[in-house]
Amino acid sequence: MPLRFQAATDVGKQRTANEDSFLTAPELGLFVVADGMGGQAAGEVASRLAVDAICQFIKLTDEQRDITWPTGYEPSLNHGQNRLRSALMLANQEIYASGAEDAGLRGMGTTAVCALIEGQHADLANVGDSRIYLLDDDGLKQITNDHSWIHEQVKRGVISEDQARSHPYRNVVTRALGATPDVDVDLSGMELQEGNLLLLCTDGLNSMLSDSEISEILQRYRDDLDAAAKALIFEANQKGGEDNITVILLGYSED
Ligand code: CA
């Protein structure tokens, strides 16, 4: 199998509950990380609903090629990206409807980052401030754009990446599944190369560790994804573990 993978999640050092959810479905080529928000119970519900709804639609479109696309088919996107786009839009609708029905869940939402992998090709989707990173021969780079207020400030040069990690408004997301009746999904695609590593994570990782710290850990353990996942969580907790931490690592090799 050309793809190795490892997932891990941890409540962190400060929170009492873990509102993150993740899914690894290698038979579908699908990997998802979601970070719920809206208060303890609601956050857990939102991230779990997202992961389940996304998986359900990817499974449906894996088994049946000739479905009617409930959210339309965007001709400028490839098939995999259309599957992810619809999956996240349907998840959004489901979470939004559940939040509207139940006072205890009102206002809940969740981030989601997804990788859908077929052979060498990876399609990626993002809503919110969870992240996908690529480690290749040139080092570590973030592939997704954070949909957060703080990212807007960093982009505009108002504050630095370092300041962003401790800023009081660092948790304010500007896009989430379930927050509004409709959602825009960021989509992209890439060809994986020998030795590439993808990291999907919630902000409990990258708010505690800088990109260079994450890069150093991944380089050190790139041949042992289990050790890499454990080390990422250990180091994020060492730095304070202020939030739930979830990581999925995907390693691509041709043999
Ligand atoms: Ca979080």
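Rounded to whole Å, the principal axis extents of the Cα atoms in the range 3-252 read 47, 45, 34, largest first. Between the range 38-108 and the range 1-32, what's the alpha-carbon centroid distance in Å? Cα centroid of the range 38-108 versus Cα centroid of the range 1-32: 18 Å apart. Over all other residues within a Cβ to Cβ distance under 15 Å of residue 76, the charged ones net out to -2, with Lys and Arg as +1 and Asp and Glu as -1.
Under a model in which nothing but the beta-carbon of Lys, Arg (+1) and Asp, Glu (-1) is charged, the range 3-252 shows a dipole of about 420 debye around its Cα centre. Only Cα pairs under 8 Å and 6+ residues apart enter the sum, and on that basis the relative contact order of the range 7-51 stands at 34 percent. Report summary: the helix-based calculation at 222 nm, which adds -39500 (n - 2.57) for every DSSP H run with n ≥ 4 and divides by the residues of the chain, gives -11000 deg cm²/dmol. Select from 89, 67, 42 the residue farthest towards the positive end of the dipole of the range 3-252; place +1 on Cβ of Lys and Arg, -1 on Cβ of Asp and Glu, and compute about the Cα centre. About the Cα centre, the residue reaching furthest to the positive side is 42.
Ranking 246, 6, 105 by Cα position along the charge dipole of the range 3-252, where only Lys, Arg, Asp and Glu carry charges on their C-beta atoms, puts 105 farthest toward the positive end. For residue 239, the lysines whose Cα falls under 27 Å of its own Cα, not counting residues fewer than eight places away in the same chain, are 13, 141, 155, 230.
Packing, as the average of other Cβ atoms within 10 Å across residues, places the peptides 117-126, 134-143, 196-205 in the order 196-205, 117-126, 134-143, highest first. Within the shell defined by Cβ-Cβ distances under 11 Å, the residues around residue 120 carry a net charge of -4, with Lys and Arg each +1 and Asp and Glu each -1. If you take all other residues with their beta carbon under 14 Å from the beta carbon of residue 180, and give Lys and Arg +1 and Asp and Glu -1, the sum is -1. Distance from the Cα centroid of the range 224-240 to that of the range 132-149 is 18 Å (rounded to whole angstrom).
Using Cβ point charges alone (K and R +1, D and E -1), the dipole size of the range 152-255 about the Cα centre works out to roughly 500 debye. Between 129, 52, 102, where does the largest GNM mean-square fluctuation fall for the chain, given springs only between Cα atoms within less than 10 Å? Top of the fluctuation ranking is 102.
Just so you know, all these numbers are worked out from the coordinates, no wet-lab data involved. Computed from a prediction, not measured in an experiment: that's the story for all the values here. Methodologically, a virtual Cβ is constructed for each residue, glycine included, from the backbone with ideal geometry; neighbour enumeration extends over all protein chains shown.
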